[in-house]
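For reference, the structure is listed below as structure tokens.
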Amino acid sequence: MNLLLKEIRHNPLLWLLAFVPVVFVSQKFKPEAHTLLFVLSVLAIVPLAALLSHATESVAAKTGDTVGGLLNATLGNLTELVIAVAALRAGQYMLVKASIAGAIVTNTLFVLGASFLLGGLKHHVQEYNRVSARLQAGLLFLATVALLIPSLVGEPDSAGAAFTQKLSLGLAVLLIVAYGLGMLFSLKTHRELFASAESGEAGEAPWPLGLALATLAGVTVLVALVSEVFVESVQQAAVAFGMTPAFVGFIVVALVGGAAEMGSAFSGARKNRLDLSVGIALGSAAQIALFVAPVLVLLSYVMGPTPMNLQFWPGAVVMVLIATMTASLLTNSGRSAWFVGTLMLMVYAIFAMTLYLLPPRVQ
Amino acid sequence: MNLLLKEIRHNPLLWLLAFVPVVFVSQKFKPEAHTLLFVLSVLAIVPLAALLSHATESVAAKTGDTVGGLLNATLGNLTELVIAVAALRAGQYMLVKASIAGAIVTNTLFVLGASFLLGGLKHHVQEYNRVSARLQAGLLFLATVALLIPSLVGEPDSAGAAFTQKLSLGLAVLLIVAYGLGMLFSLKTHRELFASAESGEAGEAPWPLGLALATLAGVTVLVALVSEVFVESVQQAAVAFGMTPAFVGFIVVALVGGAAEMGSAFSGARKNRLDLSVGIALGSAAQIALFVAPVLVLLSYVMGPTPMNLQFWPGAVVMVLIATMTASLLTNSGRSAWFVGTLMLMVYAIFAMTLYLLPPRVQ
Amino acid sequence: MNLLLKEIRHNPLLWLLAFVPVVFVSQKFKPEAHTLLFVLSVLAIVPLAALLSHATESVAAKTGDTVGGLLNATLGNLTELVIAVAALRAGQYMLVKASIAGAIVTNTLFVLGASFLLGGLKHHVQEYNRVSARLQAGLLFLATVALLIPSLVGEPDSAGAAFTQKLSLGLAVLLIVAYGLGMLFSLKTHRELFASAESGEAGEAPWPLGLALATLAGVTVLVALVSEVFVESVQQAAVAFGMTPAFVGFIVVALVGGAAEMGSAFSGARKNRLDLSVGIALGSAAQIALFVAPVLVLLSYVMGPTPMNLQFWPGAVVMVLIATMTASLLTNSGRSAWFVGTLMLMVYAIFAMTLYLLPPRVQ
């Protein structure tokens, strides 16, 4: 606990933690100040993400990069799951689907691209475990393709609605089974495949495992609570900032929801531990497709006003496929440099621009 | 011949050969018992496939894995060709096209996926000739893309029909020329590229070349005859089992038609000779695109009620492209493990589920 | 200068240079003889391309293959740019877009495919710098994907027109920024990544740098002037030869416009310097997407009757994506042989056949 306080004292970013109680107080006394709550909740999530990042790195230092990466991806995606469940309850399926697609695209293009750029600005050419990256990119490709099959094959007309719903339900069950087998594979039978190419030395002294795990758990709960405030405020704040609903779901929710993982991925890249970054980005995207999306479909039968299907808007399908194929093609070589990251970020920026300009009725 | 009988006596699977005469007798005396004939013909094809597998392996042992693989693919695809010709004569072009697309998807996702899974359950990580696999996957990508161009570019309206027909005919000629050049390449000028990374030792003593070749020829004829019965019965049996026509063409015909190759591919994977499996799966799929499909277009001018074009149902196009790209991305590393195979089989299962649930009028 | 004349005397191809003045004279006295002017201008461009090729190789010999390749691509694409600007002025946006898409497809499928074929007929298996090729293919993929986003996501209806125009303008600015950063990357910060795997010895003695640069400049101007004649005559000559407008823009303009680079790429392949060929083909295609296309969008605001957007015909989108993915998948291995080139040329031939047969109203 002393170690944690010491860490907070030495890291100015963590001073933003002061916003966490401010968010809860403001929500209690000013529940209608949506723009204020939106800004406060983003400011509160950032330091929580940083704390989560350090705790995860401490665990990773004891368990190896990949287990740390998987762990991180799980906790990071908890935020996305919490946000999506809130939207699910309100029957905002468009927002749920946009945040699923957006989280996959943000992880593959933004997190991976920014990691390549940030790492590349410090290190000339970075190498990472090619075998692991190829495998993860291949699995991500299969996972997203599976997720998109109802959109790729389904008919949009009324006769096809029952078909799409049945297909989505069957698919959700298959995806969760595949996710379970994937955990067995990466954590048990073939964990050595996911080991880092270079062990790298962490700049900071790692925390003891107990403190790291406790921080992981506690901060995750705080992220979830602040995320609730964020979800309630984001839609109305979006209108105030002139953003389309598609842009909010795809870009804003995904970026804020993934803030926790991004901290770890970027700090891994700066420390030349690109395996950690690649593992977080690809693992997190795959987990959204294999776990978060099907869980939301199943939960919609319990919590939602009507069952949710997995039929995505065609533009989102294109963006997800492009993002996945980019990850496959670019992680092929096991090397990266700043310009690769720049181009990935540019494609992400073009997606964001497209969604920002999109006439509202099209999404 | 004694060797052949000895083999049959020691391999319980081959006792199913007894069903071969039963099929012919049943067809003669009970031609209207479609469901019975369907089940009997499937039961008869399985041991024939096993026999073919052993004969091919004997030839492969003397000629190298790849030539054996090509040889095997050729004979395996003979079944598909025979089935498709029967459907062609009856003017059932939907079934012909579904079986072409289904054969490509089944070979790349099911045969390759099951090989990776079966091999991976026995061997921790399997390596195979990466250069050869990449080349074959690249050729398969080009072959399927060429096959799909009329579907990808063609206009579905009436003015486009003449255009699609002319394009399909020109394409058929180009594909067959490419197939001939491909044989020249893989069997003559660059055969060393297709050689196996590891020679592996066959568990069983190979047959002499004469017996192996005679068995290959004789069993192929039997497969063809039983396949005829299978085709006649499959449509009506499908109705009895509640399967859609799209499911029958895409999945059932492709699985039964490819049974011969699957035996060899799976046994190769179990023996850690994954080059044989990859060669069979990718080679067979490429051969469907470069040889079987164009031959059927040309034959439709002679045998069919009207000329057949190469315009596929959009869902089939998506499935074939996904299957081909999966093969390219996953064979890239020259390594496989059980989970890769599992995910490929899952995508195949999702395709099958989609086709099973598809409202009949959409295909 | 003596060296230049000596070169011309010894190379029969360069005797075609006599057609250059013939073109200008014919245009002055027979401006309505479109078919004649078309044939003459093609005949004049061929030797200019050859000269350009030799000059570029001389520069390349002093600066390394990649810088030479980039230089070559820049000058080669100048032809495309000049042709497109002429079409832009006349408001023929369909022709401009067809030539952009066609130039990308021609560079990736035809130039790369013919290089693999021509090189492969002379050398059994050719190896090239895999890291560089993968990187270039990855960048090309990102560049073309960015270029195609308005076509992939945009809505074709009237409400979407303003959206597509705004998106195209924003995209043009982003693409040019990316192009500038790409030059910084390949020529400055990471130029060693683009160095050739094998230095190879040029068959002919290179010219001194002064003569080479002067020839490069002078011949480029001549190519531009002859190209003007070519553009004016090509449309009417096309009708005389029975070609559709889509075929003219996509195939004819791209082939003649790229003649200069093709000479260098093919001669590099024959000399077993495949890095030069790959660099020219992929670099040139990427430059069309990142530089030529956005410059044309921006110029349309100044020169054109109305602003031009980046919405392409769906068939062109499919062809460009297939070409780019082919380049990515096939340059993965860093090896090539004649059949790989043959299949790439076959896909190109199928595209050409499709465009030739296409009913005119569809483009």
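The values are calculated or read from the model by the stated rules, or taken from the named source; none is laboratory data. Predicted model only: the values in this text are computed from it and were never measured. Positions of Cβ are backbone-derived with ideal geometry, glycine not excepted, and every protein chain shown enters the neighbour counts. The accessibility values were calculated without ligands, DNA or RNA, using every heavy atom of the protein model including side chains. Shrake-Rupley method; radii C 1.70, N 1.55, O 1.52, S 1.80 Å.
Some points to look at:
- Each residue of the protein assembly as shown gets 177 Å³ once the volume of the Cα convex hull is shared out per residue.
- Portion, in percent, of the accessible area of chain C that falls on carbon or sulfur, probe 1.4 Å: 69 percent
- Label-point separation in nm, C:GLN236 to A:VAL39, each point 7 Å along Cα→Cβ: 6.6 nm
- When each full DSSP H helix of chain B is screened for a Cα extent of at least 30 Å along its own axis and an average Kyte-Doolittle hydropathy of at least -0.5, the helices passing are B:34-63, B:65-89, B:130-153, B:159-183, B:209-241.
- Nearest residue to the symmetry axis between A and B, taken on chain A by its Cβ, in whole Å: A:ASN332, 4
- With the simple spin-label model, which puts each label point 7 Å out from Cα in the Cβ direction, the C:ARG191 to C:LYS166 separation comes to 4.3 nm.
- Net charge of Cβ neighbours under 14 Å - reference B:GLY304; Lys, Arg +1; Asp, Glu -1: +2
- Interface size, chains A and B: roughly 3100 Å² of accessible area buried, both sides included, 1.4 Å probe, rounded to the nearest 100.
- B:LYS97 sits with roughly 40 Å² accessible to a 1.4 Å probe, with DNA, RNA and ligands left out of the calculation.
- Length available on full extension from B:HIS124 to B:VAL25: 0.36 nm per residue minus the Cα-Cα distance, which gives 31.0 nm.
- Cα shape, the range C:99-194, gyration tensor, a/c 1.5 rule: oblate
- Copies compared at C:PRO359 - label distances in nm, ascending, label defined 7 Å from Cα in the Cβ direction: 2.7, 2.7
- Cβ-vector label at 7 Å, C:MET94, separations to other copies in nm: 3.5, 3.6
- Across peptide B:117-124, the average count of Cβ atoms from other chains found within 10 Å of a residue's Cβ is 1.
- For B:LYS62, the distances from its label point to the matching points in the remaining copies are 6.4, 6.4 nm, ordered from shortest, with each point set 7 Å beyond Cα toward Cβ.
- Restraint check, C:LYS30/C:LYS271; A:LYS97/C:LYS166; C:LYS188/C:LYS271; A:LYS6/A:LYS271; B:LYS6/B:LYS271, Cα-Cα greater than 31 Å: C:LYS30/C:LYS271
- Exposure rank, largest accessible area first [C:TRP207, A:TRP338; 1.4 Å]: A:TRP338, C:TRP207
- In this structure, A:GLU228 and A:VAL131 have a Cβ-Cβ separation that, at R0 = 35 Å, corresponds to a calculated FRET efficiency of about 0.30.
- Relative to the 2.2 N^0.38 Å rule of thumb, the range C:254-320 has a C-alpha radius of gyration ratio of 1.41.
- Taking all protein chains together and rolling a 1.4 Å probe, A:GLU7 ends up with roughly 40 Å² accessible.
- Exposure of B:HIS10 as accessible area (Å², to 10), given a probe of 1.4 Å and all protein chains: 140 Å²
- Against the rule of thumb 2.2 N^0.38 Å, how large the Cα Rg of chain C comes out: 0.95
- Average projection area in nm² (convex hull over Cα atoms of the range C:252-363, one quarter of hull surface): 8.3 nm²
- Label zone at B:ARG89 (point 7 Å along Cα-to-Cβ), backbone N below 11 Å, the range B:231-263: B:232
- B:ASN2-B:TYR301 FRET efficiency (beta carbon distance; Förster radius 41 Å; 0.05 resolution): 0.30
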